[in-house]
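S.K.: Submitted below is the structure of interest, expressed as structure tokens.
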Amino acid sequence: MRRRTLLTAAATTALAAGCGGPSASSSSSKSGRGRLTYGVWDVYQMDAMRRAAREFEKTRPGVSVDVQLTPNGTYWTKLRTACTSGSAPDVFWMNGPNFGLYADAGQLLPLETSGANAVLDPDDYPADLVSLYRWNGTQYGAPKDFDTVALWFNKELFDRAGVDHPDASWTWQDLIVNAQRLTDRKRGTYGLAAPVWAQEYYYDSIAQAGGWVISKDRKHSGYSDPRTREGLRLWVDMIHRYKASPTLQQLTDTDATQMFQSGKVAMVQDASYNAATFYADPELRAKVDVAPLAKGRRRATIIHGLANVVYARTAQPELARDFVRFMSGRRASLIQGKYGTAIPARNGTQQTWADAMPRFDLKVHLDAVGYSVPYPISTNTAAWSHQELRWLARAWSGDESLTDATRSLTKAMDKLLAQEGKGGAR
Amino acid sequence: MAETTRRGSREGRRWPAHLLLTVGAVVTVFPLLWEVLTSLKSFGESTRVPPTILPRHWDWSNYATVFSSIPFAHEFVNTLLMTLLRTAAQLLLCSMAAYAFARIRFPGRGPIFLAFLAVLMVPGELFLLPQYQIMQDLGWLNSLQALVVPGMFSAFGTFLLRQFFMGLPVELEEAARLDGANPFTVYWRVALPLARPGLLALGILTFLWSWNDLMWPLVVNTDPAQMPLSAGLASLQGSHLTDYPVLMAGSLLATLPVIVVFVAMQRHFIQGIAFSGMKG
Amino acid sequence: MSIDTRPTAAVPAPRVPAAAPGDARARRRRERRFLHRDKWWGYALIAPAGLGLAVFYLWPVVETLYYSFNDWGAFGGTTWTGLSNYRTLVTDPEFWHSLGNTAIYTVLVLLGIPLSMLLAVLLNLKGMRGTGVYRTLYFLPVVTMPAAVAVVWRWLYNGDVGIINQALSVVGVHGTYWVSDPATVHFAVAVVGVWMTVGYNMILLLAGLQSIPQDYYEAASLDGAGRVRQFFSVTLPLLSPTVFFTTVLSVIQSLQVFDLVYLILGANTGAGITNPAYTDGETVVMLFFQKAFYDNQRGYGAAIVCALFVLILALTAVQFRLQKRWVHYG
């Protein structure tokens, strides 16, 4: 998921975006018959999900799967409502920021990871994805897909400025120097867009600088660590010191990805799911390509992915587990990869995704798994990630110094984490 | 003063009004014109900065995409049914209650009216969860009743019509009452016909709100067969990508029936009713 | 001629708003408004709408009031915490800031009511050509999906490429980033608010204008009253119940403004909270939504809503008190 999903997730009433809905209708399965409901939120993945569900039905005569789409903005509101009153879908999509809340409140069914009844074998998926969906030692989610972050660049703007295309050798210093060279005030183009985006920007640079967002025991904020601040300073400096990025006001009025699509910025850090968006535009397809993120103290990218989870109060837990096993298995993963909207999480099936868009060097996104770091979460992730955006925006805009902003952020985040400890969010 | 002279001078004074109205209308309509133009652009073009004003290629395929992505006709029927039932129920229930508040004296009238108004004073999002639970208890999830029933009651409509009834001259109703009619008959035979402009306004607004209602159908429904158009259109938004030209095309298509209804109804907004026979 | 222009004796004159309370004649007049005294008829007519509202709307309000004294988790778990949420509320600078923003928005949107009145009166002129077309055009913004509205307005306001700034640059003015500049965000949002509500208020006022019996105008005109004086002596008093309604409703709805501001600030484009003008645009209901549905502090969210409720209730009560001074009922 992306800031877009995160931000609008609970919120937009008027807009709506989404997942599967509550199933009042799932009847109990006796003698292998039954009807499963499967909640999803992305309209662009509906074809792949339906197709995979049909395959599952073929293996289980008498069983039918109803794939239910709820648009993104409404998905979480509805899911919470349905969970509270016992009518959520049997199986549904989960993301990192929401996982802690559902797992901690006992809304999800544990999934076996070994033995004859194993729903998933942890070795089949990138380790950070498996651990993202483990809560207090119990596995609750089977990875469905993942996304990594890479540096997308506009070849035309690079060639015009006479700058070599970025490659795996780039360090932060190269990023800064070349972003400056690519900035052309007369044409109104910038080297790089530096918006306040977590997954694509500051989580990555914090890891590259050797900093941390949240402690291992999920009790403390890492925003006062000098290394964490170093990771943030890269972007603040890119705007104010090197003047190689549009200001936060400009990036508020025009989305960074959109600036990139229009050739207003030469580089943008974007997650793998946007590859399909860029590929869908023939003009852009010819102009842009992708390289690994620049190295700081170390090389790092955030990895995040969705998982299939089973609702704790499902009427047919066994059938639901079987479905999850199938959906995170090899066959369903290959189907998913062929549609090109998301990288399947299952090892050995990921190349299908890259093959669907041969003009881009998408191996970069797949290889990133080798140096990925997990997405930071806690029980009530949404609460403090909201504070992150709020305070970091003040540093990005220059209204406050980075030190002051991160000090306030640490305080706010520590307070929220302390509340979690008392079980406040349940 | 001669009639002709007066009319002539009035005509002469009309042009400033027209100028004012036209300028206002242009400003008002411009954003919508933009919506129309965006719906005719390709996805790539719609993401360009600065935006093009006229589409480079007039791309009508976005409208076709709307029809192929959602069961438009089916959802259209659902929306129509939901909207008509809600509107009819509101007009009846609200006007009854409004008449009582305006013209009947009974103990507790003030506090009860205040309770009605209180409903307007909290954000609508508050009602989602409790209403969902009621629907579930009734076993109404995924049903037409669930879409219609909570929308049949309106504090807004009651307040609006109360104002209309209170604004009406009482003389006609007094006459009917003296003839021995009971309060319901006076309401139905005398007051309701006089409040027609208010009913028309409430009807138009209820129709509109119901037509665009999005959150409730999405929450109470999982069955695509029961989805209204607004909810179907909302599902066109992806999690990482929104195809704005298609979204705009869908929004315009969905809006069209409301505009048609408005154009048809607004003709009735012509000069007030003459209260003939009430003199004296 | 004196200001007092009663139309004629043949037609009941628009009644002048009641004088000082306690005035016997005024009280009698108010009494007369209640035609019927049969309380059972009253309850019977109110029952269908009243029961529906009580079950589906009032009960949730009562529940919310209860939850505002609790810690209320994402999945319904509650713990009684007394006034704790309210103590947090009064010391939360974000709440007070959002309240200020909401108040400014409400005042600015109220300025749209005279505009709607002007529009309604012009479009109700007898023999005016093209009124149907105008009415439809002005009503169009009310019909359009807020999501689409926000996208379009954000383009108009765009600081780098927006049409507003392009137009300003023609006359040599360098425009700002309207929706991401704390100095302009209030106005930028209010303009859209007025744009969206003018057509809606126009419909209500048009309906009000038509309830005015033609006879009054004929009488007034026989009496020699000109158009302007007719407006002040006939139209305005007789339209006052509808004006009162639109004012009360505008205040109630503006104080609860949410999705429009949320979308204009850029929530659907990924900007949202990181908008440098966010704190200066955030409204009370946005804060409620944030706390209740996003931060999973639903008890605190309930307290925010209850505080807003009390405020709206008080303002509405004041308006109902003051209406005696200017609203005129038949």
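S.K.: So, in the range C:118-135, how many residues would count as being under 21 Å from the mean Cα position of the chain (by Cα) and within 20 Å of residue B:261 (Cβ to Cβ)? Give the derivation first.
M.R.: We begin by selecting, within the range C:118-135, every residue under 21 Å from the mean Cα position of the chain (by Cα); these are C:118-121, C:135.
Next, only the ones that are within 20 Å of residue B:261 (Cβ to Cβ) stay: C:120, C:135.
Residues that pass the stated criteria total 2.
S.K.: Can you tell me which residue within the range C:135-146, out of those that are in a helix (DSSP H, G or I) and either more than 7 Å from chain B (Cβ to nearest Cβ) or of a type in the set (Val, Ile, Thr) (or both), is nearest to residue B:267 (Cα to Cα)? Talk me through it step by step, then tell me what you get.
M.R.: The initial filter retains those residues of the range C:135-146 that are in a helix (DSSP H, G or I), namely C:135-143, C:146.
Filter once more, keeping what is either more than 7 Å from chain B (Cβ to nearest Cβ) or of a type in the set (Val, Ile, Thr) (or both): C:136, C:142-143, C:146.
Numbers: C:136: 10, C:142: 18, C:143: 18, C:146: 26 Å.
Only one residue tops the list, namely C:136.
S.K.: If you scan the range C:48-77, which residues turn out to be aromatic (Phe, Trp, Tyr) and more than 7 Å from chain B (Cβ to nearest Cβ)? It would help to see each step written out before you state the result.
M.R.: We begin by selecting, within the range C:48-77, every residue aromatic (Phe, Trp, Tyr); these are C:56-57, C:59, C:66-67, C:69, C:72, C:75.
Passing the criteria: C:66, C:67, C:69, C:72, C:75.
S.K.: With (1) in a helix (DSSP H, G or I); (2) buried (at least 24 other Cβ atoms within 10 Å of the Cβ) as the list, and residue A:55 as the residue in question, which single condition is left unmet?
M.R.: Unmet condition: (2).
S.K.: Another question about this same structure. Give the range A:66-81 a look and list any residue that's more than 8 Å from chain B (Cβ to nearest Cβ) and either crowded, with 24+ Cβ neighbours inside 10 Å or assigned to a helix (DSSP H, G or I) (or both), or say none.
M.R.: Correct list: A:75, A:76, A:79, A:80.
S.K.: Still on this structure, I have one more. Which is modelled with pLDDT of 95 or more, over 25 Å from residue B:138 (Cα atoms) and outside any helix (DSSP H, G or I), of A:111, A:129? Even if it seems obvious, please write down each step before you answer.
M.R.: Values: A:129 fails: outside any helix (DSSP H, G or I).
Selected residue: A:111, the only one of A:111, A:129 that is modelled with pLDDT of 95 or more, over 25 Å from residue B:138 (Cα atoms) and outside any helix (DSSP H, G or I).
S.K.: Can residue C:45 be described as within 8 Å of chain B (Cβ to nearest Cβ), out of contact with any Leu (no Cβ under 8 Å at 6 or more places or on another chain), hydrophobic (A, V, I, L, M, F, W, C) and crowded, with 22+ Cβ neighbours inside 10 Å? Show your work before the answer.
M.R.: Working: within 8 Å of chain B (Cβ to nearest Cβ): yes; out of contact with any Leu (no Cβ under 8 Å at 6 or more places or on another chain): yes; hydrophobic (A, V, I, L, M, F, W, C): yes; crowded, with 22+ Cβ neighbours inside 10 Å: yes.
Here the answer is yes, as residue C:45 does meet what is asked.
S.K.: Hey, could you check the range C:151-174 for residues that are part of a loop (DSSP other than H, G, I, E, B) and within 11 Å of another protein chain (Cβ to nearest Cβ) and say which is surrounded by the most Cβ atoms within 10 Å (Cβ to Cβ)? Walk me through it before giving the result.
M.R.: Restricting attention to the range C:151-174, the residues satisfying the condition of being part of a loop (DSSP other than H, G, I, E, B) are C:158-162, C:171-174.
Checking the rest, the ones that are also within 11 Å of another protein chain (Cβ to nearest Cβ) come to C:158-162.
Working: C:158: 25, C:159: 21, C:160: 18, C:161: 17, C:162: 23.
Only one residue fits best here, namely C:158.
S.K.: Now a separate question. Take the residues in the range A:126-151 that are crowded, with 24+ Cβ neighbours inside 10 Å and among the aromatic types (Phe, Trp, Tyr); name whichever of them is nearest to residue A:334 (Cα to Cα).
M.R.: Out of the qualifying residues, it is A:146.
S.K.: Do any helices (runs of 4 or more DSSP H) lying entirely in the range B:1-105 carry at least 2 residues that are modelled with pLDDT under 85 and among the hydrophobic types (A, V, I, L, M, F, W, C), and which ones are they? Before you say what the answer is, go through the steps one by one.
M.R.: Working: elements: B:3-12, B:14-38, B:43-46, B:61-69, B:72-103.
Those helices (runs of 4 or more DSSP H) span B:14-38.
S.K.: Which members of the range B:106-119 meet the condition of being touching a residue at least 12 places away in the same chain (Cβ under 8 Å) and not in a helix (DSSP H, G or I)?
M.R.: Residues satisfying the conditions do not exist here.
S.K.: Could you check, for the range B:59-70, whether at least one of its residues is closer than 16 Å to residue B:228 by Cα and within 14 Å of chain C (Cβ to nearest Cβ)?
M.R.: Among the residues of the range B:59-70, at least one is closer than 16 Å to residue B:228 by Cα and within 14 Å of chain C (Cβ to nearest Cβ), which makes the answer yes.
S.K.: Something else now. Residues that are out of contact with any strand residue (DSSP E or B) (no Cβ under 6 Å at 6 or more places or on another chain), free of Cβ contacts under 8 Å to residues at least 24 places away in the same chain and within 30 Å of residue C:179 (Cα to Cα): which helices (runs of 4 or more DSSP H) entirely in the range C:221-330 hold 3 or more of them?
M.R.: On the way: elements: C:227-230, C:236-255, C:259-264, C:278-281, C:284-289, C:298-326.
Filter on the range C:221-330 gives an empty set.
S.K.: Okay, next question. Can we say residue B:208 is within 21 Å of residue B:75 (Cβ to Cβ) and either under 19 Å from the mean Cα position of the chain (by Cα) or not aliphatic (A, V, I, L, M) (or both)? Let's see the steps before the verdict.
M.R.: Details: within 21 Å of residue B:75 (Cβ to Cβ): yes; either under 19 Å from the mean Cα position of the chain (by Cα) or not aliphatic (A, V, I, L, M) (or both): yes.
Yes; evaluated as a whole, the condition is true for this residue.
S.K.: Among what's in the range A:276-294 and is of a type in the set (Gly, Ala, Ser) and facing another protein chain (nearest Cβ under 10 Å), pick the residue that is surrounded by the fewest Cβ atoms within 10 Å (Cβ to Cβ). It would help to see each step written out before you state the result.
M.R.: Looking only at the range A:276-294, we keep the residues that are of a type in the set (Gly, Ala, Ser), and these are A:276, A:280, A:286, A:291, A:294.
This time we only want the ones that are facing another protein chain (nearest Cβ under 10 Å), so: A:276, A:280.
Values: A:276: 19, A:280: 16.
Here the residue is A:280.
S.K.: Let me ask something additional. Within the range B:184-202, can you find the residues that are touching a residue at least 12 places away in the same chain (Cβ under 8 Å), more than 10 Å from every other protein chain (Cβ to nearest Cβ) and within 21 Å of the chain's Cα centre (by Cα)?
M.R.: B:192, the sole residue that qualifies.
S.K.: Quick one: in the range C:185-219, which of the residues that are assigned to a helix (DSSP H, G or I) and hydroxyl-bearing (Ser, Thr, Tyr) is farthest from the other protein chains (Cβ to nearest Cβ)?
M.R.: Keep residues of the range C:185-219 that are assigned to a helix (DSSP H, G or I), which gives C:185-210, C:214-219.
Next, only the ones that are hydroxyl-bearing (Ser, Thr, Tyr) stay: C:197, C:200, C:216-217.
Working: C:197: 12, C:200: 7, C:216: 9, C:217: 9 Å.
Among them, the one singled out is C:197.
S.K.: Sort out for me the helices (runs of 4 or more DSSP H) sitting completely within the range A:312-426 that have 2 or more residues that are away from chain C (no Cβ under 14 Å). Please lay out each step first, then the result.
M.R.: Working: elements: A:317-327, A:330-339, A:351-355, A:363-367, A:381-397, A:402-421.
Fully inside the range A:312-426 and qualifying: A:317-327, A:330-339, A:351-355, A:363-367, A:402-421.
S.K.: Then there is this: Would you check which residues across the range B:177-187 are within 19 Å of residue C:40 (Cβ to Cβ) and of a type in the set (A, V, I, L, M) and list them?
M.R.: If the condition is that a residue be within 19 Å of residue C:40 (Cβ to Cβ) and of a type in the set (A, V, I, L, M), then B:181, B:186 are the ones that fit.
S.K.: If you scan the range C:222-262, which residues turn out to be closer than 28 Å to residue C:195 by Cβ, away from chain A (no Cβ under 14 Å) and polar (S, T, N, Q)?
M.R.: Hits for the range C:222-262 are C:235, C:240, C:242, C:246, C:247, C:250, C:253, C:254.
S.K.: Here is a follow-up. Would you mind listing the helices (runs of 4 or more DSSP H) fully within the range A:140-235 where at least 3 residues are in contact (Cβ under 8 Å) with a residue 60 or more places away in the chain and over 30 Å from residue A:414 (Cβ atoms)? Lay out the reasoning, then the answer.
M.R.: Details: elements: A:155-161, A:172-182, A:203-208.
Counting at least 3 such residues, we get A:155-161, A:172-182.
S.K.: When you scan the range A:241-253, how many residues do you find that are part of a helix (DSSP H, G or I) and surrounded by fewer than 18 Cβ atoms within 10 Å (Cβ to Cβ)?
M.R.: Within the range A:241-253, the first condition is being part of a helix (DSSP H, G or I), and the residues that meet it are A:248-253.
With the extra rule that they be surrounded by fewer than 18 Cβ atoms within 10 Å (Cβ to Cβ), the set shrinks to none.
Number satisfying all stated conditions: 0.
The values are calculated or read from the model by the stated rules, or taken from the named source; none is laboratory data. Note that the structure is predicted; figures quoted are calculated from it, not measured. Quick reminder, even Gly has a Cβ in these numbers, built from the backbone with ideal geometry, and neighbours come from all protein chains shown.
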